[in-house]
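Engineer: Pasting a structure here, questions to come.
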Amino acid sequence: MMRLAVLVLAALLAAASPAAAQAPLTAVRVPGSGPIVDPGAGVWRAARGVTVPMLPQTVTAPQKPEPAVNTLTVRAVHNGGWIGFLVEWRDPTLSTRIVVDTFGDQVAIQLPVDVTGPTPSPMMGNPGGRVNIMQWRAAFQHDIDYGPPSVKDLYPNAWTDYYPDEVLSATDARPYTGALGVENPISRGRASPVLDQMAEGWGSMTVKPDQHALGTGVWKEGVWRVVITRPMVSDDPNAPRLTPGVKTVVGFAVWEGGNQEVGSRKAWSPWVPLVVGAAAPARPAGATPPTGATGQPAGGRR
Amino acid sequence: MARVHNWQLGREMDFPYEARRPDRQFAMIFDTNKCISCQTCTVACKTTWTSGRGQEYMYWNNVETKPYGYYPLGWDVHILDRLGVQPLDGPVYQGKTLFDAAPTGEIILGYLPEDIDYAHPNIGEDDCTGLMPQGAHLSMPHMQWMFYLPRICNHCTYPACLSACPRQSIYKRKEDGIVLLDQSRCRGYRECARACPYKKVYFNAQTRVSEKCIGCYPAVEGGRQTQCTTSCIGKIRIQGFLGAPDAPDPDNPLDYLVFVRRVALPLYPQFGLEPNTYYIPPVHVPPPYLRQMFGGGAEQAIATYRAAREDRKLLGALLLFGATPEISHFFRVDGDQVIGYDAKQAEIVRVPLHEPPAVRELYDVKHRAYRTNIT
């Protein structure tokens, strides 16, 4: 047990410091204003793609020792008001249908709430080391693009005589609506496919009362391209202040639903250095535009 | 892992949390010998709690035919197969619990059923173990057999669902031991559905979180038994509370039947969850099967049960089944009657130990008709 504890501590310490070999992610200043939500927008050409190695989560149970996604390619830009992250990864199976034995694709970005204080644990923070976790879910994206699936959508051959909400008042039918009736934020009916959350260690993830994170995900030819964006500064005390010039860290987690990844059964990254650029630099040498980027809004969304 | 005492195993065992027994434990006893699988309990539960969208396939209460009926498909044989053959002899269980058998990186040994496993709620209904060959005759135990197994959430003392939830969305109430799943906290990971060996946690694809039996807590808080219990036309159930395993109250009907007389046994106690629904085993089923399902006390439980006719207190406790919608906290045999009392010792029901025979005349004068035996 002692040996395990030492190994876990060593892993945490190693992960808590940005790896020396990990290239920093710079959020490049780009023109424009408002949320940066289009994965196909031309602004991403200004940003260098950083490859982030993903590790299996093996510190706490339960685990998925062999997650499907090994690397993410990440870009970051900001327009002075909003900061956006474009995350890309190969995923041959589109997982948006959630039933008993299927799970959805997801990706999350993690930032320390206090960008000037001690760096929190990369594993969803620690008591006193609060992190902001913005999690995009393919199922939410599907809800927004096509509407939330009905029972008939999920099970075409299903038949029911009637439901309580068809014969009772809304108040009387509410007990039959389960999590929807108590407005569980992960259920459905969301305006954004991104959950704006905070945590101080695993098991403590809490959806914030004020939701500021937006985004869009597009799956095409076996690649997910997901943008997650948030205001750089807000009045939310549980959000980082990402003013130009700030140097902090960013972390990532990804779930391949087709590989039964959910919750702590995931791939995660150690902290990656993040620099919020002060001004729009010239295009870096060797930078390549993101996969499929055309400068035009993405089409053929699935 | 903490070390906790599991009285059903007769030993300490590992559990992720410290032992904290509730003030009293919600419990239910089923007399399998009286169940006819009419599913009235199932429908009562369904119409009360799970008629909403996404709950179509949910049966917080179900009745299945054993050995070939399951809901979901193969729930018990799947987990028994994963656990492997374990020694079941002796008063102290020497085998592995599901917590002992957890693979690396897991809290408990489990599996997530496939969607299609829920497609046939009453598969195997009335299927017998085999055909009756030429020369077959009635014997005990029966040569070929089946029986009905009603099931709800076991509101376990050491719940697998609770232990596996990474978010502590599942909690066990201090006041009555009912295990509840917080609908506002759950995030639909289905670790609970994977972990529960009884497969009594269900995922709602409409709300994207899991749901489970709530022990009819609004009724129980008001002193009334659950819907599945009060609707049972066969009067096979009693629901109430268990006290401390090491200090049973012989005047509490559930303590008396479970702890004192040991006539009602837990379902698959070897899993290590200390489940709190208890079964009077079917008298006609071969003992090896019963030992696997209900533990080593199955044969003694049947012997005790078969002698209940001559055992006034035992008979009295058994006759409280289905006798009142209220919870009998205490009981007493008085003369030729058993009396049930509520928590404040007020009488709530009185049942004769022996129903007097009624003889009807062959000719009904009032209706000017002969009574015939319709059977």
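Engineer: Would you point out which residue out of A:PRO67, A:PRO62 is within 17 Å of the chain's Cα centre (by Cα), under 22 Å from B:GLY105 (Cβ atoms), in a loop (DSSP other than H, G, I, E, B) and within 14 Å of another protein chain (Cβ to nearest Cβ)?
Structural biologist: A:PRO67
Engineer: Restricting attention to the stretch B:248-258, does a residue exist that is in contact (Cβ under 8 Å) with a residue 24 or more places away in the chain, within 14 Å of chain A (Cβ to nearest Cβ) and acidic (Asp, Glu)?
Structural biologist: No, because not a single residue in the stretch B:248-258 is in contact (Cβ under 8 Å) with a residue 24 or more places away in the chain, within 14 Å of chain A (Cβ to nearest Cβ) and acidic (Asp, Glu).
Engineer: Need pairs with beta-carbon distance below 6 Å; first residue over 22 Å from B:PHE241 (Cβ atoms) and within the stretch B:154-177, second among the polar types (S, T, N, Q); sequence gap 6+ or separate chains.
Structural biologist: From the stretch B:154-177, the pairs are B:PRO166/A:SER264.
Engineer: Identify, from the list A:VAL223, A:VAL262, A:VAL218, A:VAL227, the residue that is more than 14 Å from every other protein chain (Cβ to nearest Cβ), surrounded by 20 or more Cβ atoms within 10 Å (Cβ to Cβ) and more than 20 Å from A:ARG29 (Cα to Cα).
Structural biologist: Working: A:VAL223 fails: surrounded by 20 or more Cβ atoms within 10 Å (Cβ to Cβ); A:VAL262 fails: more than 14 Å from every other protein chain (Cβ to nearest Cβ); A:VAL227 fails: more than 20 Å from A:ARG29 (Cα to Cα).
Residue meeting the stated conditions: A:VAL218.
Engineer: Failed condition for A:ARG241, given (1) more than 18 Å from A:GLY257 (Cβ to Cβ); (2) assigned to a loop (DSSP other than H, G, I, E, B); (3) in contact (Cβ under 8 Å) with a residue 24 or more places away in the chain; (4) within 13 Å of chain B (Cβ to nearest Cβ), with all others met?
Structural biologist: Of everything listed in (1) more than 18 Å from A:GLY257 (Cβ to Cβ); (2) assigned to a loop (DSSP other than H, G, I, E, B); (3) in contact (Cβ under 8 Å) with a residue 24 or more places away in the chain; (4) within 13 Å of chain B (Cβ to nearest Cβ), A:ARG241 misses just condition (4).
Engineer: Which count do you get for residues in the stretch B:1-23 that are crowded, with 20+ Cβ neighbours inside 10 Å and assigned to a loop (DSSP other than H, G, I, E, B)?
Structural biologist: Residues flagged as crowded, with 20+ Cβ neighbours inside 10 Å and assigned to a loop (DSSP other than H, G, I, E, B) within the stretch B:1-23 amount to 2.
Engineer: Continuing with this model, one more query. From (1) touching a Pro at 6+ places or on another chain (Cβ under 8 Å); (2) at pLDDT 90 or above, pick out the condition that doesn't hold for A:ALA298.
Structural biologist: Exception for A:ALA298: condition (2).
Engineer: Between A:ALA27, A:ALA108, A:ALA76, which is at pLDDT 95 or above and closer than 18 Å to A:ARG265 by Cα? Lay out the reasoning, then the answer.
Structural biologist: Numbers: A:ALA27 fails: closer than 18 Å to A:ARG265 by Cα; A:ALA76 fails: closer than 18 Å to A:ARG265 by Cα.
Selected residue: A:ALA108, the only one of A:ALA27, A:ALA108, A:ALA76 that is at pLDDT 95 or above and closer than 18 Å to A:ARG265 by Cα.
Engineer: Tell me, please, whether a residue that is at pLDDT 95 or above, of a type in the set (Ser, Thr, Tyr) and over 12 Å from B:GLY316 (Cα atoms) can be found in the stretch B:356-364.
Structural biologist: No: zero hits.
Engineer: Looking at A:LEU180 and the list (1) within 10 Å of another protein chain (Cβ to nearest Cβ); (2) at positive phi, which single condition is not satisfied?
Structural biologist: Answer for A:LEU180: the failing condition is (2).
Engineer: Another question about this same structure. Just to be sure before I move on: is B:ILE123 in contact (Cβ under 8 Å) with a residue 12 or more places away in the chain, within 30 Å of A:LEU154 (Cα to Cα) and more than 14 Å from chain A (Cβ to nearest Cβ) in the structure I sent?
Structural biologist: Numbers: in contact (Cβ under 8 Å) with a residue 12 or more places away in the chain: yes; within 30 Å of A:LEU154 (Cα to Cα): yes; more than 14 Å from chain A (Cβ to nearest Cβ): yes.
Considered against the rule, which asks whether it is in contact (Cβ under 8 Å) with a residue 12 or more places away in the chain, within 30 Å of A:LEU154 (Cα to Cα) and more than 14 Å from chain A (Cβ to nearest Cβ), B:ILE123 comes out as yes.
Engineer: Of these, B:THR48, B:THR65, B:THR32, B:THR40, which one is more than 24 Å from A:LEU154 (Cα to Cα) and in contact with a Ser or Thr (Cβ under 6 Å, 6 or more places away or on another chain)?
Structural biologist: Result: B:THR40 is the single residue among B:THR48, B:THR65, B:THR32, B:THR40 that is more than 24 Å from A:LEU154 (Cα to Cα) and in contact with a Ser or Thr (Cβ under 6 Å, 6 or more places away or on another chain).
Engineer: Residue pairs, Cβ under 6 Å, 6 or more apart or interchain, first in the stretch B:99-118 and facing chain A (nearest Cβ under 7 Å) and more than 23 Å from B:TYR71 (Cα to Cα), second buried (at least 21 other Cβ atoms within 10 Å of the Cβ) and hydroxyl-bearing (Ser, Thr, Tyr). List them.
Structural biologist: Short answer, once both residue conditions are applied: B:ILE107/B:SER163.
Engineer: Suppose the filter is without any contact (Cβ under 8 Å) to a residue 40 or more places away in the chain and at the interface with chain B (Cβ under 8 Å from one of its Cβ atoms); does A:PRO156 pass it?
Structural biologist: Taking the combined requirement at face value, the residue does not satisfy it.
Engineer: Still on this model: Which ones in the stretch A:244-268 are closer than 18 Å to A:GLY129 by Cβ, over 17 Å from the mean Cα position of the chain (by Cα) and either basic (Lys, Arg) or not in a loop (DSSP other than H, G, I, E, B) (or both)?
Structural biologist: So in the stretch A:244-268, the residues closer than 18 Å to A:GLY129 by Cβ come out as A:246-253, A:268.
So of that shortlist, the ones also over 17 Å from the mean Cα position of the chain (by Cα) come out as A:246-248.
Passing the criteria: A:LYS247, A:THR248.
Engineer: Could you grab me the full set of residues in the stretch A:116-152 that are in contact with a Gly (Cβ under 6 Å, 6 or more places away or on another chain) and β-branched (Val, Ile, Thr)?
Structural biologist: A:VAL131
Engineer: Within the stretch A:196-215, how many residues turn out to be within 14 Å of another protein chain (Cβ to nearest Cβ), over 14 Å from A:GLY125 (Cβ atoms) and within 14 Å of the chain's Cα centre (by Cα)?
Structural biologist: Matching residues across the stretch A:196-215 total 1.
Engineer: A follow-up question, please. Filter the stretch B:72-98 for residues that are surrounded by 19 or more Cβ atoms within 10 Å (Cβ to Cβ) and touching a residue at least 60 places away in the same chain (Cβ under 8 Å); which is nearest to the other protein chains (Cβ to nearest Cβ)?
Structural biologist: Applying the filter and picking the extreme gives B:PRO72.
Engineer: Kindly indicate whether any position in the stretch B:110-133 is modelled with pLDDT of 95 or more, of a type in the set (Gly, Ala, Ser), under 21 Å from B:PRO275 (Cβ atoms) and out of contact with any helix residue (DSSP H, G or I) (no Cβ under 7 Å at 6 or more places or on another chain).
Structural biologist: So far as the stretch B:110-133 goes, no, none of its residues is modelled with pLDDT of 95 or more, of a type in the set (Gly, Ala, Ser), under 21 Å from B:PRO275 (Cβ atoms) and out of contact with any helix residue (DSSP H, G or I) (no Cβ under 7 Å at 6 or more places or on another chain).
Engineer: Report, by residue number, each residue of the stretch B:195-227 that is at the interface with chain A (Cβ under 8 Å from one of its Cβ atoms) and of a type outside the set (Ser, Thr, Tyr).
Structural biologist: Selection gives B:PHE203, B:ASN204, B:ALA205, B:GLN206, B:ARG208, B:VAL209, B:GLU211.
Engineer: Kindly indicate the residue of the stretch B:26-48 that is in contact with a Cys (Cβ under 8 Å, 6 or more places away or on another chain) and within 14 Å of chain A (Cβ to nearest Cβ) and also nearest to B:ALA244 (Cα to Cα) among those meeting that condition.
Structural biologist: Going through the qualifying residues, I end up with B:CYS45.
Engineer: Residues of the stretch A:30-59 being in contact (Cβ under 8 Å) with a residue 60 or more places away in the chain, under 24 Å from A:ARG265 (Cβ atoms) and either assigned to a strand (DSSP E or B) or charged (D, E, K, R) (or both), which ones?
Structural biologist: Hits for the stretch A:30-59 are A:VAL52, A:PRO53, A:LEU55, A:PRO56.
Engineer: Also, I was wondering about something else. What's the number of the condition B:PRO325 fails, among (1) surrounded by 10 or more Cβ atoms within 10 Å (Cβ to Cβ); (2) over 18 Å from B:PHE26 (Cα atoms); (3) not aromatic (Phe, Trp, Tyr)?
Structural biologist: Every listed condition holds for B:PRO325 apart from (2).
Engineer: I've got another one for you. Within the stretch A:82-90, identify whether any single residue is in a loop (DSSP other than H, G, I, E, B) and of a type outside the set (S, T, N, Q), and answer yes or no.
Structural biologist: Looking only at the stretch A:82-90, we keep the residues that are in a loop (DSSP other than H, G, I, E, B), and these are none.
Taking every residue of the stretch A:82-90 in turn, none turns out to be in a loop (DSSP other than H, G, I, E, B) and of a type outside the set (S, T, N, Q).
Engineer: Still on this structure, I have one more. B:ALA101: assigned to a loop (DSSP other than H, G, I, E, B) and of a type in the set (A, V, I, L, M, F, W, C), yes or no?
Structural biologist: Judged against the criteria, B:ALA101 is a match.
Engineer: I've got another one for you. Can you find a residue in the stretch A:221-235 that is among the hydroxyl-bearing types (Ser, Thr, Tyr) and over 30 Å from B:ARG190 (Cα atoms)?
Structural biologist: There is at least one residue in the stretch A:221-235 that is among the hydroxyl-bearing types (Ser, Thr, Tyr) and over 30 Å from B:ARG190 (Cα atoms).
The values are calculated or read from the model by the stated rules, or taken from the named source; none is laboratory data. Just so it is clear, the structure is predicted and the values come from calculations on it, not from any experiment. Cβ atoms come from the backbone with ideal geometry, glycine included; neighbour counts cover every protein chain shown.
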